[in-house]
1. If you take the residues in the stretch B:156-177 that are touching a Gly at 6+ places or on another chain (Cβ under 9 Å) and surrounded by 15 or more Cβ atoms within 10 Å (Cβ to Cβ), which one is farthest from B:Cys96 (Cα to Cα)?
2. Taking only pairs six or more apart or across chains, which ones have beta-carbon atoms under 6 Å, a first residue in the stretch A:172-194 that is free of Cβ contacts under 8 Å to residues at least 40 places away in the same chain and aliphatic (A, V, I, L, M), and a second residue that is open to solvent by 10 Å² or more (accessible area, probe 1.4 Å) and not in a helix (DSSP H, G or I)?
3. Given (1) more than 11 Å from chain A (Cβ to nearest Cβ); (2) farther than 30 Å from B:Ala287 by Cβ; (3) not β-branched (Val, Ile, Thr), identify the lone condition not met by B:Pro398.
4. Tell me the residue from A:Ala249, A:Ala236, A:Ala287 that is over 18 Å from A:Thr174 (Cα atoms) and either acidic (Asp, Glu) or at pLDDT below 90 (or both), please.
5. Determine whether the stretch B:80-88 contains at least one residue that is touching a strand residue (DSSP E or B) at 6+ places or on another chain (Cβ under 6 Å) and either surrounded by 21 or more Cβ atoms within 10 Å (Cβ to Cβ) or not acidic (Asp, Glu) (or both).
6. Condition first: open to solvent by 10 Å² or more (accessible area, probe 1.4 Å), among the aromatic types (Phe, Trp, Tyr) and closer than 30 Å to B:Pro72 by Cα. Can you find one or more residues in the stretch B:108-127 that meet it?
7. Could you figure out which of (1) surrounded by 14 or more Cβ atoms within 10 Å (Cβ to Cβ); (2) at pLDDT 80 or above; (3) closer than 22 Å to A:Ala351 by Cβ isn't true of A:His456?
8. Pick from B:Ile187, B:Ile183: which is of a type outside the set (D, E, K, R), over 22 Å from B:Val73 (Cα atoms), touching a residue at least 40 places away in the same chain (Cβ under 8 Å) and assigned to a helix (DSSP H, G or I)?
Amino acid sequence: MTAATAVGLAVAWPLIAVALIVVFQRWPNLREAGTLLTGGSLFAIVAGVILPEVEAGGRPGMVLCEVVPGLRLAFEVEPLGMIFGLVASGLWIVTSFYSIGYMRGHHEKNQTRFYICFAIAISGALGVAFAANVFTLFVFYELITLSTFPLVTHSGTEEARNAGRMYLGILMGTSIAFLLLAMVWTWLATGTTDFTPGGILAGKVDGPQLMILLALYAFGTGKAALMPFHRWLPAAMVAPTPVSALLHAVAVVKAGVFTILKVVVYVFGIDLLATTGAGRWLTWVAAFTIIAASCVALGKDNLKARLAYSTISQLSYIVLGAALATSAGVIGGGMHIVMHAFGKITLFFCAGAIMVGAHKTEVSELDGLGRRMPFTFGAFLLGSLSVIGLPPMGGSWSKWFLMLSAAEAHQWVMMVVLMVSSLLSIGYLMPVVVRGFFRPAPADAHDDRHSATGIHEAPLLCVLPPVVTAVGGIVLFFYAGDIWSLLSGVVP
Amino acid sequence: MEGLWALISDDLPALQIAVPLLAATLCVLIRRPTAAWAVAMVVAWSSFANAGVLLHRVLTTGTISYVEGGWPVPWGIELRIDLLNALVLLVVTGICAIVLLAAPRSIDAEIPRDKQYLFYAVYLLCMTGLAGMTVTGDAFNIFVFLEISSLSSYALVSQGRTPRALTAAIQYLVMGTIGGTFILLGIGMLYMVTGTLNIVDLANQLALVGPNRTVMVAAACIAMGVGIKLAVFPLHIWLPNAYTYAPAIVTAFIAATSTKVAYYVLVRFAFSIFRINQTFDGAHSSAIAMMLGIAAMFAGSLVAIYQDDVKRMLAYSSVAQIGYMILGLSFANEYGLTGGLVHLFNHAIMKCGLFLVLACVLLRMGSTRLSAFAGLGRRMPLTFAAFVLGGLSLVGVPLTVGFVSKWYLVLGALEAGLWPVAVLILLSSILALVYIWRVVEVGYFKAPPEGADAITEAPFSMLLPTWILIGSTLVFGVWTSLSVGVASAAARMLIGGGS
């Protein structure tokens with residue numbers, strides 16, 4: 001199998017899972033085995049066939065079809081997409097295990113539909129990762145939106161329906177009104193939407209128009225959750241936790257910031273942004289989002305809501321990295337896609353495990369729970385450290401590069417923003433751990449039939465995944481160099 | 001077979017008119033519903049094949065000119081098929097053929113059996129009129145065929161189950177007659193000025209005469225008349241009632257053909273006869289058309305959001321979609337006109353598919369009110385999935401035909417330097433998302449009422465045409481050589497001033 005065919009195959013591969021899920025829907029164990037097998041083989045394709053080619057400097061790709069003259073559905077893998085593809089496909093496996101534990105432990109209904117939509121969303125994420133032009137990216141971006149809608153509204157309650165309305169309204173609304181317009185504009189100005197090293201807009205669009213175009217891209221990508229288009233993300237927390245974990249901490253939201261990063265690098269070109277200063281305003285929007293979302297997170301008692309606002313804040317790190325338009329910023333942003341993915345998915349896994357194991361959803365209810373669920377809370381601690389950006393977690397590296405980038409661009413304010421944000425994230429994440437381990441359990445704990453000292457974790461499949469991803473965060477600390485060398489192929 | 005082909009091969013354009021006309025009379029003589037349906041099917045599908053052959057011929061050998069009775073142009077009546085009407089003809093005959101597949105089961109529930117043969121007869125007459133308007137190269141003939149198609153569509157609309165169908169048909173008749181009269185007036189004035197009715201000749205004479213007052217008034221009359229037929233906002237008031245109260249199958253048929261042919265006539269007059277972008281200073285008319293188009297997009301979509309009857313909702317959606325087509329024409333550049341023409345093709349497919357979905361729902365639920373859609377996602381999964389896909393196409397999600405239309409319309413707006421209009425086009429498609437998603441939510445989230453009858457999926461004979469069309473919205477959303485290829489070539493020809 002050549003890498004080029006592997007690229008097309010990888011995007012279509014999750015659809016095999018869909019077929020298996022449909023065939024085996026009456027036998028849940030076989031059905032889940034189908035998901036796991038597909039996930040494992042998908043990762044093997046991405047990491048085993050495509051990665052070596054990209055590492056060697058290749059750009060494997062293929063053209064599917066030409067929809068209208070000049071507008072092609074095509075794939076081409078470059079380092080940023082490679083990283084995103086690896087993260088999405090790799091964490092899908094872990095999440096699939098977790099889903100089994102969670103969905104069964106939580107007695108969720110319509111599990112077949114759940115797994116089908118999940119697989120389609122992964123296909124969409126890989127399509128976004130491997131897209132060779134803005135059009136292809138847009139197609140798969142919309143596919144993600146549509147396939148995750150049934151996941152957000154999974155429970156079918158009034159609350160879920162309202163959340164779904166906001167989800168679809170913001171994500172589709174911004175993409176149609178702004179992103180599509182930006183795409184048409186780009187095409188009209190340059191005659192192409194292909195992602196090209198160095199960008200395609202230089203000399204074609206300039207002055208304030210460049211800023212407007214960047215704004216259309218940045219706000220058109222609602223999945224990046226830049227304020228004021230962030231409300232869909234907390235709303236989406238009504239979904240089952242595996243969805244919040246993989247999709248609303250990794251695949252969906254990362255597809256958003258990935259889009260911005262990719263557009264900045266391959267459509268605008270960081271040189272163009274750096275010389276014209278057209279991205280300057282975006283650093284301020286990102287900085288505002290970073291700080292404001294952190295402050296909101298501090299005030300949220302619901303654990304998933306707190307994590308959601310934390311995600312909004314962290315996503316803007318990547319937007320900031322892109323908007324700074326330095327090579328360190330791009331590398332830091334790309335690296336943060338990985339690091340934050342591992343950190344945040346751990347936190348969501350833990351939140352779900354707490355929900356399944358102890359039926360708690362609010363931070364204020366977590367007193368003393370750490371002694372009952374030491375693995376869960378231990379993983380939560382490691383995930384928190386990674387999100388905060390402390391060694392020995394991978395998150396420290398991406399933050400390092402982002403700081404470096406701010407320094408390179410002489411944006412001292414942005415350095416301060418990053419530091420303040422770290423402090424704020426300590427403020428909203430550490431209380432969870434502190435309450436769990438150091439506060440005594442409330443005396444009137446209604447499920448006191450389990451002794452307060454004995455270990456009573458959620459089912460194994462709910463606990464193991466966060467431990468795995470937390471350990472992954474440590475491993476990444478030591479292997480950040482590999483990611484760096486891969487990403488350094490993006491910027492000369 | 002060979003001999004037969006040799007015999008008719010040159011007369012294919014005339015057969016587009018003659019065959020359905022004769023078959024309509026045949027249906028009246030047969031008087032049996034199934035046999036009449038079989039006749040109509042044979043005729044419609046062979047016309048569709050005929051249109052395919054004609055399009056192929058136009059693409060390979062250029063414009064076809066067919067003189068009736070051998071009288072030379074411009075004295076004799078000419079049938080003239082170029083890229084533009086070849087495409088429209090393909091759409092019209094294709095829709096006629098596909099809709100007929102669903103007709104027997106659907107009209108069984110709405111039209112008494114002993115009158116069904118008349119339905120097929122009138123259906124074929126309507127098809128005759130539409131095909132005639134499309135293929136003719138004679139301005140007066142456009143009027144004649146317009147009346148044939150209009151009169152038969154009034155009759156078709158009046159077949160609806162409720163008495164309101166009659167008032168809707170009367171309203172349609174009054175408006176349509178006014179429109180027809182305006183068109184006749186306009187054509188009469190053109191004849192007065194130029195002494196000819198042949199479209200090509202008319203265009204050449206007009207170029208010599210120039211835009212004098214009579215010609216301007218003629219143009220205004222024709223725009224007004226065609227505007228009524230096309231249901232351009234605010235001349236659309238006949239449309240919602242006609243679409244809502246007509247039998248489901250009739251709505252699917254008329255919505256996808258009648259307004260499309262009217263749009264064709266408008267484009268033909270504007271670009272082939274008046275050549276608004278060359279001989280005339282079209283700036284004013286373009287500006288008016290643009291404002292009407294934008295008003296239609298928003299008014300239609302906003303009103304659609306508040307409808308309780310899904311059929312009526314889609315009718316208002318049609319008003320909005322017609323606005324897109326008008327807008328494409330108003331840009332008077334290649335991209336914009338391509339967008340308008342591609343949308344003619346695309347909208348015909350998706351709206352016909354959606355109205356067939358409603359025909360399925362009406363058959364099983366007895367109503368197309370929003371409440372009838374409760375839980376339909378589970379009760380009629382295939383039908384409802386078709387609705388969702390068709391709806392997404394209306395919104396303009398990529399890989400559906402709606403996206404292709406929108407792409408060219410936005411390109412046209414940007415090419416004309418009209419930024420705000422491009423934004424408005426996109427904003428209005430978000431409105432489409434709102435009205436479609438209202439129905440989707442009810443279908444998937446609302447439980448059917450307690451003790452509701454067990455509802456089964458629609459019959460195969462109706463699902464098949466529905467899915468042919470909905471499938472086409474996906475196929476032509478990815479493979480656009482036919483739709484965009486022909487439309488952009490036609491647009492280039494029209495902008496260049498040819499005919």
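1. Once the filter is applied, the top-ranked residue is B:Ala168.
2. So the pair list comes out as A:Ala189/A:Lys204.
3. With (1) more than 11 Å from chain A (Cβ to nearest Cβ); (2) farther than 30 Å from B:Ala287 by Cβ; (3) not β-branched (Val, Ile, Thr) applied to B:Pro398, the lone miss is (1).
4. When all the criteria are applied, what remains is A:Ala249.
5. Yes, because at least one residue in the stretch B:80-88 is touching a strand residue (DSSP E or B) at 6+ places or on another chain (Cβ under 6 Å) and either surrounded by 21 or more Cβ atoms within 10 Å (Cβ to Cβ) or not acidic (Asp, Glu) (or both).
6. no
7. (2)
8. After ruling out the rest, the residue left standing is B:Ile183.
The values are calculated or read from the model by the stated rules, or taken from the named source; none is laboratory data. For clarity, every value in this text was computed on a predicted model and none was experimentally measured. Ideal geometry is used to build each Cβ from the backbone, glycine not excepted, and the neighbour counts take in all protein chains shown. For the accessible areas, the whole protein counts, side chains as well, though only heavy atoms, and no ligand, DNA or RNA atoms are used. Shrake-Rupley method; radii C 1.70, N 1.55, O 1.52, S 1.80 Å.
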